[in-house]
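Colleague: The structure that follows is given in the form of structure tokens.
Laboratory data are not the source of any read-out in this text; all were calculated from the coordinates shown. Because the structure is predicted, anything quoted here is derived from the model rather than measured. Don't worry about glycine lacking a Cβ; one is built from the backbone with ideal geometry, like all the others, and counts go over all protein chains shown.
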Amino acid sequence: MYTVGKIDKNIYKCIVDEFVTDEVIITDERIQHIKDRHPNDYERFCLYIPQIIADPDYIIEANKPNTAILMKEVVENNEKFKLVLRIKVKNDPVEYKNSIMTFWHIGDKTWRKSLKNKNILYSRE
């Protein structure tokens, strides 16, 4: 388990009302999942994860409770990303943490489609 960032409760209140912690982690199992499902994305782009968490461009509703999709464009490199984040809430088991579930690099078409077809909970703009 690795700490990869902290959430700003003012930004992330669009997902849940009460936060247990601001620490965000990723586990070895989730890293392997990303490597298996999105080859080379973790190795090439993991350095952007703290930036995505600290300053998402959009937070989109996910299909699971206490979970959301973070979207971020890293302008200086013209790269776009999606990251699924699960927020720990009071009723969760004590061992739960705010956790990255998956992460991947996306193209312009997927970026536009996600913003058009999904429920946007937060926009930095």
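Colleague: Might you check whether a residue that is under 17 Å from GLY5 (Cβ atoms) and among the small types (Gly, Ala, Ser) occurs anywhere in the stretch 103-117?
Modeller: No, because not a single residue in the stretch 103-117 is under 17 Å from GLY5 (Cβ atoms) and among the small types (Gly, Ala, Ser).
Colleague: Residues in the stretch 45-61: is at least one assigned to a helix (DSSP H, G or I) and over 14 Å from the mean Cα position of the chain (by Cα)?
Modeller: No, every residue in the stretch 45-61 fails to be assigned to a helix (DSSP H, G or I) and over 14 Å from the mean Cα position of the chain (by Cα).
Colleague: Pairs please, first residue from the stretch 1-26 and over 14 Å from ASP55 (Cβ atoms), second anywhere and assigned to a loop (DSSP other than H, G, I, E, B) and among the polar types (S, T, N, Q), Cβ atoms under 6 Å, 6+ apart in sequence or on different chains.
Modeller: Short answer, once both residue conditions are applied: MET1/THR27; VAL16/ASN66.
Colleague: Name the single residue, out of those in the stretch 21-44 being assigned to a loop (DSSP other than H, G, I, E, B), in contact with a strand residue (DSSP E or B) (Cβ under 8 Å, 6 or more places away or on another chain) and not hydroxyl-bearing (Ser, Thr, Tyr), that is farthest from GLU76 (Cα to Cα).
Modeller: The qualifying residue farthest from GLU76 (Cα to Cα) is ASP22.
Colleague: Another question, if that's okay. When you scan the stretch 89-104, do you find a residue that is touching a helix residue (DSSP H, G or I) at 6+ places or on another chain (Cβ under 9 Å), over 22 Å from LYS35 (Cβ atoms) and crowded, with 19+ Cβ neighbours inside 10 Å, even just one?
Modeller: The answer is no, given that none of the residues of the stretch 89-104 is touching a helix residue (DSSP H, G or I) at 6+ places or on another chain (Cβ under 9 Å), over 22 Å from LYS35 (Cβ atoms) and crowded, with 19+ Cβ neighbours inside 10 Å.
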